[in-house]
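No lab work stands behind these numbers, since they all come straight from the coordinates. Every value quoted in this text rests on a predicted model; they were computed, and no experiment measured them. So basically every Cβ, Gly included, is an ideal-geometry build from the backbone, and we count neighbours across all protein chains shown.
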Amino acid sequence: MQAITDLEGYRATLHVEGKPEEKRQHYFGMKYGHEINPTQAYNLLLGRAIEKDGKWLQFDLNDKDAQGNFRVKEFHSGYGYDLDKSLQSLPLRDHKNGAEIAAIKQQLLQGQRVEVSFLKDGNERRYFIEANPQHKSVNIYDEHSRKISLNTALSAKIIEAVKIADYEQVKELEKQPKK
């Protein structure tokens with residue numbers, strides 16, 4: 001006896017840690033050429049955007065259809081989101097390393113949150129970024145996963161540099177003989 005198996009789709013469920021009542025589910029159909037892999041499904045359920053077939057897809061986590069699936073927001077190329085331009089606007093440490101930027105971009109296209117280093121005035125600081133096609137930008141997160149603006153990220157470096165300078169100045173004053 002011969003049997004034929006046909007995978008028509010799968011249901012992915014994201015359980016939010018510490019919030020058992022909050023779980024996100026979605027059925028992913030397996031139409032030829034439109035498959036969503038498990039990594040992409042995970043990122044979509046987190047509310048992140050992925051690029052698929054020349055368009056960006058993102059779940060509207062506040063809107064479900066009759067089957068309980070999240071409605072999908074689509075941002076086509078005509079919408080005007082340019083990930084390369086968004087990356088160029090950031091003070092990335094590796095902005096001149098084409099291979100490194102390509103690797104970052106590839107992860108962002110899959111919906112990943114990517115760790116990067118910003119460089120300003122010789123100071124380096126680590127952040128996390130993710131694509132945001134709806135607002136034609138990238139989201140920036142600090143080490144505590146708090147969303148911050150680019151201005152906040154840049155000023156944090158300046159503040160940190162000032163704190164270090166003040167600390168070093170205090171140490172120098174302590175070394176001087178007391179009168």
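Okay, here's what the table says:
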item	result
Loop chymotrypsin sites (Phe, Trp or Tyr not before Pro), region 25-111, which have at most 11 other Cβ atoms in a 10 Å radius of their Cβ (DSSP)	TYR32
Amide H within-cut-off set for PHE28, under 5 Å, with H built and near neighbours excluded	TYR10, ARG11, ALA12
Per-residue [θ]222 nm for the chain (sum of -39500 (n - 2.57) over DSSP H runs n ≥ 4, rounded to 500)	-9000 deg cm²/dmol
Where trypsin sites (Lys or Arg not before Pro) fall in DSSP loop in region 1-86, at most 10 other Cβ within 10 Å	LYS31
FRET efficiency for ASN139 and GLN25, using Cβ-Cβ distance with R0 set to 22 Å, rounded to 0.05	0.35
The chain, dipole about Cα centre (Lys/Arg Cβ +1, Asp/Glu Cβ -1), debye to the nearest 20	520
On Cα atoms only, tilt of 150-175 relative to the major axis of the chain in degrees	30
Net charge contributed by nearby residues that have their C-beta within less than 10 Å of ILE104 (K/R +1, D/E -1)	-2
Region 51-64 - phi-based ³J(HN,Hα) in whole Hz, Karplus 6.51/-1.76/1.60, Gly and Pro as x	9, 9, 6, x, 9, 8, 10, 8, 6, 8, 5, 9, 9, 10
Inter-label distance, nm, simple model (7 Å from Cα along the C-beta direction), HIS15/SER117	3.8
Cut-off under 5 Å, modelled amide H: who pairs with LYS64 long-range	ARG71
Segments 103-116, 137-150 sorted - mean Cβ within 10 Å per residue, highest first	103-116, 137-150
Option label - Cα extents along the principal axes in Å computed here, alternatives (i) 42, 33, 28; (ii) 97, 39, 36; (iii) 57, 39, 27	(ii)
Region 1-99: translational diffusion in µm²/s, Stokes-Einstein, Kirkwood Rh over Cα pairs, 20 °C, 1.002 mPa s	133
Degrees between helix 98-109 axis and first principal axis of the chain (Cα, 0 to 90, nearest 10)	50
³J(HN,Hα) computed for each position of region 21-27 - Karplus, 6.51 cos²θ - 1.76 cosθ + 1.60, integer Hz, glycine/proline x	6, 9, 10, 10, 10, 7, 8
